[in-house]
Amino acid sequence: TPGRSRTHMNVINTFPFTQWTIEASIKPAELGRPQTIIGEDGKPTPSPNAPLELKLRKDNHLAIVAIDSTGKVRSVASRAPMKLGAWQHVAAMSNGKKLRLYLVKDREYQLEGEADFIGKLINHPGTWTIGRGFHNGKLAQDARAHIDEVRVSSIALPLELLLWTAK
């Protein structure tokens with residue numbers, strides 16, 4: 001249907017992301033500065049944050065930062081910092097009520113934390129980006145990392161359907 005789907009989901013606000021899952025494998029090549037791994041950029045939001053970012057923070061913790069339907073910025077971060085040159089598999093998701101961040105440790109998904117997330121991802125025209133950020137109304141916080149195995153799903157996937165689940 002015209003206007004309802006586009007290659008690379010260039011116009012995100014045509015699809016109501018009430019639930020979603022973002023997965024990626026990340027190997028940092030630099031630490032100590034904010035880096036966007038996966039993002040959704042576009043026109044400025046009232047906050048300096050992009051509508052959605054899977055990012056490496058300045059303190060080297062991995063975090064999912066997203067704006068929910070109330071306009072509130074929600075965030076969940078990893079318990080431990082990322083290590084330089086080490087691969088990490090991550091899954092971030094929302095079921096329309098909670099925002100969750102999982103990391104693979106010892107070949108199993110472990111919940112790093114969760115936060116309230118009310119409704120869908122904020123309606124916002126923008127483009128999905130990998131390794132490129134959007135902050136304070138401009139492109140910023142590009143990643144210095146290897147990024148692989150990226151998947152965005154329009155539902156909160158059960159853990160057994162995530163990419164790195166042991167079969």
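The values are calculated or read from the model by the stated rules, or taken from the named source; none is laboratory data. Owing to the predicted nature of the structure, the values given are computational and were not obtained by experimental measurement. Cβ sites come from the backbone with ideal geometry, for glycine too, and all protein chains shown count toward neighbours. Just so you know, the surface numbers come from the protein's heavy atoms only, side chains and all, with ligands and any DNA or RNA stripped out. Shrake-Rupley method; radii C 1.70, N 1.55, O 1.52, S 1.80 Å.
Residue by residue, region 103-108 carries 3J(HN,Hα) couplings of 10, 7, 9, 6, 6, 9 Hz when phi is fed to the Karplus relation 6.51 cos²θ - 1.76 cosθ + 1.60 (θ = phi - 60°); x denotes Gly or Pro. Residues Ile22, Ile130, sorted by accessible area with the largest first, give Ile130, Ile22 [1.4 Å probe; ligands and nucleic acids excluded].
For the pair Asp142 and Leu161, the difference between a 0.36 nm per residue extended length and the Cα-Cα distance amounts to 3.9 nm.
Using heavy atoms of the protein chains and a probe of 1.4 Å, the accessible area assigned to Asp148 is about 80 Å². Put simply, the amide H of Ala140, placed in the peptide plane, has neighbours under 5 Å in Gly133, Phe134, His135, leaving out anything fewer than 5 places away on its chain. Rounded if a/c is under 1.5, else prolate if a/b is larger than b/c, else oblate: which is region 43-167, with a ≥ b ≥ c the root eigenvalues of its Cα gyration tensor? It is oblate, given that a/c is not under 1.5 and a/b is not larger than b/c. Each Lys or Arg adds one and each Asp or Glu takes one away; over the other residues whose Cβ falls under 14 Å from the Cβ of Thr18, this sums to +2. Peptides 87-95, 101-109 ranked from most to least packed give 87-95, 101-109, packing being the mean of other C-beta atoms within 10 angstrom over each peptide's residues.
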